[in-house]
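The values are calculated or read from the model by the stated rules, or taken from the named source; none is laboratory data. Since this is a predicted model, take the numbers as computed values, not measurements. No Cβ is skipped: glycine too gets one built from the backbone with ideal geometry, and neighbour counts run over all protein chains shown. Side chains included, ligands, DNA and RNA excluded: accessible areas come from the protein's heavy atoms. Shrake-Rupley method; radii C 1.70, N 1.55, O 1.52, S 1.80 Å.
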Amino acid sequence: MPVILEKKYENNISLAVWQITESHDELQAMLPSEILTDAELASISHPQKQIEFFCSRLVIKHLANSLDIKYLGIKKDENGKPYLAGSKWQMSITHTSNYVAAVMHHSEALGVDMEKPSEKLKRIAHKFLSETERTEAESDIEKLCIYWSAKEALYKLYGKRKVIFNENLYVFPFLKKQVKISGKIKINDINEEYIIYIEKIDGYILVVAGK
Ligand SMILES: CC(C)(COP(=O)(O)OP(=O)(O)OC[C@H]1O[C@@H](n2cnc3c(N)ncnc32)[C@H](O)[C@@H]1OP(=O)(O)O)[C@@H](O)C(=O)NCCC(=O)NCCS
C-alpha cells in the first residue's frame, strides 16, 4: 500500500494519500486487534467496504507515526464524525475504490474529499450549488467536481447534520488552474471562511478544507 503523496500545507495540515494495492486479508493482518475490534469488523458486511475501512485506518496510523502521535484507533461521535481516540488532534478521511486519503491537524477541525469528475454532477448541480456558483461553474465537470468535493470537505469539517449544501456552504469563485481557493460555512451562529487546497491525482480531484 504505497503512499503516493504526503505533504504538509503552510497552515500545518498534514495530508497522506495511499494507493490500495493489497488484498483484504493482507490489509486486515496489518491492523492489530486492539485497534480493529471484532465489533467494528462485524459492523461492515461488504468486503470492498471493509477494504476501504482497513485502508483509512492504516493511512491515519501512517500519518500519526509520521507526526509522532500515539495511535489508539478511531472513534465516531453522534454524527458519525471520526476522531482519534485519546488525542486532541483533528482528522478527516475519504476513500475511493483505488485510493484513501487522510488529513490531520493538531487543533483545528478539517475535512478531506476525493472524487472523480462525472457527468452526473451536471444533473445534481442545482442541489448543491447556489445560483451564483452554478453560473461560475459553467457546467464544466472538473469545476463542478471541485465545488462538490470542496462542499463535502466543508461538510466533514463542520461534522454535524442538517447542512443545506446550496445555502450553508459557499465556495468563492476560482479558476481551474488554482491550487488554493476559499470557502465559507454559514449556518446558525457560524459564519467562517476556510482555505481549500486542491490536488489532482490520477483523474481524481482531492480537496482539503481547513483554517
Ligand atoms: C458523510 C459523507 C460526507 C461521506 O462522503 P462520501 O463521499 O460518501 O465518502 P468518503 O469516502 O469521502 O468519506 C467517508 C468518511 O466520511 C467520514 N464521515 C462520516 N460522517 C461524517 C461527519 N458527520 N463528519 C465528518 N466526517 C464524516 C467518515 O470518516 C467516513 O469514513 P469511515 O466510514 O471509513 O470512517 C456523505 O455521505 C454525506 O453524508 N454527505 C452529506 C449529505 C449530502 O451529501 N448531501 C447532499 C447535498 S446535495
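Once all protein chains are placed together, Ser139 keeps about 80 Å² accessible to a 1.4 angstrom probe.
Ranking of Tyr147, Tyr83 by solvent-accessible surface, largest first: Tyr83, Tyr147 (1.4 Å probe, protein heavy atoms only, all chains present).
If you sort Glu40, Glu78, Glu133 by accessible surface, 1.4 Å probe, largest first, the order is Glu78, Glu40, Glu133. Annotation: per residue accessible area for region 43-193 equals 51 Å², rounded to a whole number [probe 1.4 Å, protein chains only]. Using a probe of 1.4 Å, the accessible surface attributed to Thr37 totals some 60 Å² when neighbouring protein chains are kept in position. With all protein chains in place and ligands, DNA and RNA left out, the 1.4 Å accessible area ranks Arg134, Arg123, Arg57, Arg161 as Arg123, Arg161, Arg134, Arg57, largest first.
Taking the longest Cα principal axis of the chain as reference, the axis of helix 141-158 is set at about 60 degrees. Give, as a single signed number, the net charge of other residues whose beta carbon lies under 13 Å from the beta carbon of His24, with Lys and Arg counted +1 and Asp and Glu -1. With Lys, Arg at +1 and Asp, Glu at -1, the neighbours total -3. For the chain, the C-alpha radius of gyration sits at 1.01 times the compact-globule guess of 2.2 N^0.38 Å, with N the residue count.
Rounded to the nearest 10 square angstrom, Trp89 shows an accessible area of 60 square angstrom against a 1.4 Å probe. 3J(HN,Hα) along region 87-101, derived from phi through the Karplus expression 6.51 cos²θ - 1.76 cosθ + 1.60 where θ = phi - 60°, amounts to 8, 8, 4, 9, 8, 8, 9, 9, 9, 10, 5, 10, 9, 10, 9 Hz, with x in place of Gly and Pro. Around the amide H of Tyr99, modelled in the peptide plane, lie the amide H atoms of Ile20, all under 5 Å away and 5 or more residues distant in sequence or on another chain.
Helical content of the chain, expressed as a calculated mean residue ellipticity at 222 nm, amounts to -9500 deg cm²/dmol (DSSP H runs of 4 or more residues, -39,500 (n - 2.57) each, divided by residue number, nearest 500).
Distances between placed amide hydrogens fall under 5 Å for Leu72 paired with Ala85, all partners being 5 or more residues away or on another chain.
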